[in-house]
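Below: one structure, written as structure tokens.
Taken together, the values in this text are just the output of simple stated rules run on the coordinates, not laboratory data. Computed from a prediction, not measured in an experiment: that's the story for all the values here. Don't worry about glycine lacking a Cβ; one is built from the backbone with ideal geometry, like all the others, and counts go over all protein chains shown.
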Amino acid sequence: MRTTTGLRTLAVALLAGATLAATAAGTFATAAPPTYAEGHRGGGPIRGTVVSRTPIDVRAAPTTHSAAVDRLSPGSRDRVTCMVRGQSVNGNPYWYWFTGARGWVSAAFVDTGRRSVPACADPCPRWKNVG
């Protein structure tokens, strides 16, 4: 069977487009942090680094509508205690409890170095109100 140059070009373009779409879908799927079983324990404290380009607010609850309790500059580091599902920010529904800042930070702006972050047993940790 004979094919024309135009038909071959179209076939290559369709194949390349499908490959790019599959690659993009795989990249997007890995962007959100995975869900870990309750009680998951890693080796030592988990440190989170703020990776936004501008300062971010630390919130009293896992939503951008909640009061800001602190503000962190890009590159700031703090201990991440646990995570909860909250308001989705840039497609990421997870929020981390920052121990030192004593509040919630969207996981969309935090790098944990691929460390597993355990789920919070209570969406309002008791240590939030301590001293």
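Computed values, structure above
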| read-out | value |
| --- | --- |
| Radius 10 Å from Cβ of Ala68, net charge of other residues (Lys, Arg +1; Asp, Glu -1) | 0 |
| Mean Cβ neighbour count within 10 Å, used as a protection proxy, ranking 74-84, 98-108 highest first | 98-108, 74-84 |
| Contour minus Cα-Cα distance for Arg79 and Ser66 (0.36 nm per residue) | 2.6 nm |
